[in-house]
Amino acid sequence: MKKETLELIEKIKKELKKILSEERYNHSIAVMEKAIELAKIYEEDIDSIALAALTHDIAKELPDEETLKIAKENNIKLDDVTKNIPNLLHGKIGSILVKEKYGFNEQIQRAITFHTFSNPDMNMFEKIIYVSDMLEETRSKPEELIKWRELVKKDMDETIIQIINFNLNRLVKLNSLINPIMLETRNKLLLNKK
Ligand SMILES: [Fe+2]
Ligand SMILES: [Fe+2]
């Protein structure tokens, strides 16, 4: 990693420590470590991946009023779901904040935007951020994690399909609303396999 990146990471860590709970802060560091591991395997830019992973939840603990204010200022359309649960916008809002605060590029912004729900158009960079959020080493549940952490090194798309299947099952059991983009991602990846 470049010296400038390492310095920037230290600076961002100090800022995140102030705005995130200890648990979320530790999660962010662990996502960064997992994303670096995968960036090496899949030959993605390690510096950019590290910065995207470290900041992916930068907006996760903003108060709802603040999230809604930033959404309004940036003309982000709200639907009935996000009006009630503004936190679901934390990927999109995070992508705006990292641009404002650190001047991060579009690739990093897209990865942060897509990390919550996935996206059918994810490239490898974005897939790495998406799976690292789930596979980072501080998580102990679900038990499938042990299998996925190995699978992801060989078959990224199959890992994402299994993660989405797991999440869909969980949401159905909770009788929660489901963002159809998860189904679109899953369908596209399944069709690509054929
Ligand atoms: Fe998140
Ligand atoms: Fe996260």
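The values are calculated or read from the model by the stated rules, or taken from the named source; none is laboratory data. Every value quoted in this text rests on a predicted model; they were computed, and no experiment measured them. Virtual Cβ from ideal backbone geometry, glycine too; neighbours counted across all protein chains shown. Each accessible area value is taken on the protein alone, full model and side chains, heavy atoms only, with ligands, DNA and RNA left out. Shrake-Rupley method; radii C 1.70, N 1.55, O 1.52, S 1.80 Å.
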- Dipole of the chain, positive end: most advanced residue of Q162, A35, N123 [Cβ charges, Cα centre]: Q162
- Message: Let me check against my output: what whole-number percent is the relative contact order of the range 14-95, with C-alpha pairs under 8 Å and at least 6 apart?
- Response: 29 percent
- Message: Kirkwood Rh and Cα-based Rg: tell me the resulting Rg over Rh for the chain, rounded to two decimals.
- Response: 0.95
- Output for the range 1-97: GluC sites (Glu not before Pro) sitting in coil per DSSP, at most 16 other Cβ within 10 Å, listed by number, reads E43, E61
- Task: Would you work out the relative contact order for the range 62-194, in percent, from Cα pairs under 8 angstrom that are 6 or more residues apart?
- Result: 19 percent
- Query: Which order do M32, M1 take when ranked by solvent-accessible area (1.4 Å probe, heavy atoms of all protein chains), largest first?
  - Reply: M1, M32
- Message: Can you show me the helix-derived [θ] at 222 nm for the chain, built from DSSP H runs with n ≥ 4 at -39,500 (n - 2.57) apiece and divided by the number of residues, rounded to the nearest 500.
- Response: -22500 deg cm²/dmol
- Which order, highest average first, do 171-177, 131-137 follow once you tally other Cβ atoms within 10 Å for each residue and take the mean per peptide? 131-137, 171-177
- Looking at the square roots a ≥ b ≥ c of the eigenvalues of the Cα gyration tensor of the range 95-138, which shape do they give, rounded for a/c under 1.5, prolate if a/b is larger than b/c, or oblate? oblate
- Message: Can you give me the accessible area per residue for the chain, using a 1.4 Å probe, in Å²?
- Response: 55 Å²
- Order of exposure, largest accessible area first, which applies to R170, R110, R149 with probe 1.4 Å: R170, R110, R149
- Using R₀ = 30 Å, calculate the FRET efficiency as 1/(1 + (r/R₀)^6) where r is the Cβ-Cβ separation of E137 and S176; round to 0.05. 0.65
- Neighbour-limited loop hits for trypsin sites (Lys or Arg not before Pro), the range 56-100 (at most 11 other Cβ within 10 Å; DSSP other than H, G, I, E, B): K77
- Quick one: with all protein chains in place, what share of the accessible area of the chain is carbon or sulfur, to the nearest percent (1.4 Å probe)? 51 percent
- For the range 74-183, Kirkwood radius (reciprocal of mean inverse C-alpha pair distance, Å): 15.1 Å
